Amino acid sequence: MSKTMTRNGTFDILTYKGVEMDIQRLFSKNAIQDEKGQIYFDFFDQDGGVVDKEVLSLYRSKCASYGISILNISETTRSVFVSDSYASLIFFVNQYKARIAFEEAGFMVVGAKFDEDLLKKSLEEIHAKSKVNTVFSSSILGRVMDCKIQDLIHKRNCSYRLSNGSIHLKNLKTEKDSVEPITSFSLRAYCISQGVLQTVRTFKPRKKGAESFYQLNKQVKEDLE
């Protein structure tokens, strides 16, 4: 596959979709586009080797399955945003840019297989006072991933099982069980059921029919056209 370098860290697709140039450059470290304009984001294993890629083209997005991709994590990081999609994370940041202190912000994108060891190691490297935010989809899988991030931060070992329209939760250390309807399940509901303090903030699209910020941007673009 032939690849071309981007112009000053910007991408034609993202420009077309309304993403500001500075935000494109922010996410350009692990990204490159090919001669067709498709963007490829590299994902890495614990040794720093490339194990997968997320692909963003004009009309679709294919998430990575394996590895993790990290940007701007350092001792000065005070706000970390975790997602499973570069596309959704970029469109989220573009929408919420006025509320993000970029000089203190770091980003993690994990593959769909959700490698807990990679995530745990990465989360342990951020400053103890850093605020962790999640940018997963509003699907039930995305809501469970919100909870898994909270679990990893606080070293909790919980299982999640879907059955008969409900989420069955179990703390594998205390054996505490609870059942929550899928329709109302969230990190907040999980924390209440388990009697723990919610420390992770979640971000979800507020428009009906859009599960992710990638879908939200796509809907808005179509509405304008």
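The values are calculated or read from the model by the stated rules, or taken from the named source; none is laboratory data. A quick note: this is a predicted structure, and the numbers were derived from the prediction, not measured. Backbone-built Cβ (ideal geometry, glycine too); neighbour counts: all protein chains shown. Surface accessibility is based on the protein's heavy atoms, side chains included, excluding ligands, DNA and RNA. Shrake-Rupley method; radii C 1.70, N 1.55, O 1.52, S 1.80 Å.
Numbers for the structure displayed
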item	result
Strands (runs of 3 or more DSSP E) contained entirely in region 16-60, each with at least 2 residues that are touching an Asp or Glu at 6+ places or on another chain (Cβ under 7 Å)	39-44, 50-56
Region 153-174, subset surrounded by 13 or more Cβ atoms within 10 Å (Cβ to Cβ) and in contact (Cβ under 8 Å) with a residue 24 or more places away in the chain, residue farthest from Glu124 (Cα to Cα)	Ile167
Search result, residues across region 74-101 that are open to solvent by less than 50 Å² (accessible area, probe 1.4 Å), in contact (Cβ under 8 Å) with a residue 24 or more places away in the chain, in contact with a helix residue (DSSP H, G or I) (Cβ under 8 Å, 6 or more places away or on another chain) and not in a strand (DSSP E or B)	Thr77, Asp84, Ser85, Ala87, Ser88, Leu89, Ile90, Phe91, Phe92, Val93, Asn94
Which listed residue, of Lys148, Lys121, is open to solvent by 20 Å² or more (accessible area, probe 1.4 Å), closer than 23 Å to Phe92 by Cα and not in a loop (DSSP other than H, G, I, E, B)	Lys148
Considering residues of region 175-216 that are assigned to a strand (DSSP E or B) and touching a residue at least 24 places away in the same chain (Cβ under 8 Å) only, the residue most open to solvent (accessible area, probe 1.4 Å)	Arg201
Checklist (1) hydroxyl-bearing (Ser, Thr, Tyr); (2) under 26 Å from Val220 (Cβ atoms); (3) open to solvent by 50 Å² or more (accessible area, probe 1.4 Å); (4) touching a residue at least 24 places away in the same chain (Cβ under 8 Å) applied to Tyr59, failing item	(4)
Test set (1) without any contact (Cβ under 8 Å) to a residue 24 or more places away in the chain; (2) in contact with a helix residue (DSSP H, G or I) (Cβ under 7 Å, 6 or more places away or on another chain); (3) not basic (Lys, Arg) - Gln219 fails condition number	(2)
Which listed residue is touching a residue at least 24 places away in the same chain (Cβ under 8 Å) and open to solvent by less than 10 Å² (accessible area, probe 1.4 Å), from Ile70, Ile39, Ile140	Ile39
Per-region count, region 200-225, residues touching a strand residue (DSSP E or B) at 6+ places or on another chain (Cβ under 7 Å) and either modelled with pLDDT under 85 or over 21 Å from Cys63 (Cα atoms) (or both)	2
